[in-house]
1. Report the residue, chosen from 24, 67, 129, that carries the largest GNM mean-square fluctuation when the chain is represented by alpha-carbon nodes joined by springs under 10 Å.
2. Which whole-Hz couplings ³J(HN,Hα) result when phi for each residue of segment 84-89 is put into the Karplus expression 6.51 cos²θ - 1.76 cosθ + 1.60, θ = phi - 60°, listed in order with x for Gly and Pro?
3. Counting only helical runs of four or more DSSP H residues, what would the 222 nm mean residue ellipticity of the chain come to if each run contributes -39,500 (n - 2.57) and the total is spread over all its residues?
4. Taking only protein heavy atoms into account and a 1.4 Å probe, give the accessible area per residue of the chain in Å².
5. How many angstrom lie between the Cα centre of segment 246-317 and the Cα centre of segment 141-189?
6. Tell me which chymotrypsin sites (Phe, Trp or Tyr not before Pro) from segment 218-317 have a DSSP coil assignment and no more than 11 other beta carbons within 10 Å of their own.
7. Once phi is turned into ³J(HN,Hα) by the Karplus curve 6.51 cos²θ - 1.76 cosθ + 1.60 with θ = phi - 60°, what whole-Hz value does each residue of segment 180-192 show in order, with x for glycine and proline?
8. Can you tell me the 0 to 90 degree angle between the C-alpha axis of helix 268-281 and the longest principal axis of the chain, rounded to 10?
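The values are calculated or read from the model by the stated rules, or taken from the named source; none is laboratory data. Since we're looking at a predicted model, the values are computed, not measured. Cβ placement follows ideal geometry from the backbone for every residue including glycine, while neighbour counts extend to all protein chains displayed. Areas reflect the complete protein model, heavy atoms only, side chains present, ligands, DNA and RNA absent. Shrake-Rupley method; radii C 1.70, N 1.55, O 1.52, S 1.80 Å.
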Amino acid sequence: MQKYVVGVDLGGTKISTALSDLNGEVISQTTVPTNANEGEIPVLNRIIESIEKVIKDGSANYEEIKGIGIGSPGPLDAEKGTIIYTPNLPFKDFNLVEPINKKFGVPVFLDNDANVAAIGEYMFGAGKGAKHVVFFTVSTGVGGGAVLNGKVYRGHTSNALEIGHMTVAPDGPRCNCGNIGCVEATSSGTAIAKRGQEALNSKVETSLRKYETVTSYEVFTEAAAGDPVCKDIIDNALNYLGIAVANAVAIFDPEVIIIGGGVAAAGNIVFDTVRKVVDKRCFKSMAESVRIVPAGLGTNAGVVGAVALALLETQDK
């Protein structure tokens, strides 16, 4: 009798793994360092060991496992189960699904971490109960995912919703990807910190000068305290984020847009500004029907999302 799934959140610094029942209740969990510098096989072995551990700790056996979901940074090929290349992990054109499938004899599903977070929010977080959900994560970079009509939308090459690389400012700053004016280059935490640093390097008067290092957190803090330079930086960044969200509303007409990540943690200022831009730029009926809300899963989002991926992919089986 299959009554469990396993979720694995594979990150550059740690691997978090959980055993869950079919309702998404976590039964056992473990976190181990990735130690990416050791290479492909040691990291693969650590993933396998952590799956074995949560199954054992949850007093389950292999026959009771319905599926295993793995969330990983991309780019990857979800259909083939291959990680193509990602800077913080050792895998290069490496099929991660095959050896894990062979070891445990159950279906294994690999997807990029933003999709996995979107699935988690759809099933257990701020999107619970909705059919069409678009998820933005705005932190060091900007990523996204969508669940449309109850199914993950992956696109032709399984790289759909690279939201961070949507052009929102054609004459804006250059992005790390090489393009100009991506939302990642205008609105990520990194971009906000960079604008703060640029203000410090200029002769402008700003309260940022009292800090030794400036991250987006300091820029948000000083903007809230009334510093005009910081207010300008934040207004600008959130206006471009609002344009990206408005584009997503126009394209997908979702019930819910969920915004997570470090920048979203700044709270009302983010959601109020984004909502204003959406109201201004979208058809009234669409703008009025979409809810724009903060992510609900918090720090456990990665592993809960991986559990949700396994549940979603095996639910009709």
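1. In this elastic network of the chain, the residue with the biggest mean-square fluctuation among 24, 67, 129 is 129.
2. These are the phi-based 3J(HN,Hα) values: 6, 5, 8, x, 9, 10 Hz.
3. Values: 10 runs with 124 residues, N = 317.
My calculation for the chain gives -12000 deg cm²/dmol from helical runs alone.
4. Working: 14760 Å² over 317 residues.
Heavy-atom SASA per residue in the chain reads 47 Å².
5. Between the Cα centre of segment 246-317 and that of segment 141-189, the gap is 14 Å.
6. Details: sites: 220, 240, 252, 271, 283; in loops: 283.
Sparse-neighbourhood loop chymotrypsin sites (Phe, Trp or Tyr not before Pro): 283.
7. 10, x, 5, 4, 5, 7, 9, 10, 6, x, 4, 5, 5
8. In the chain, helix 268-281 runs at an angle near 80 degrees to the longest axis.
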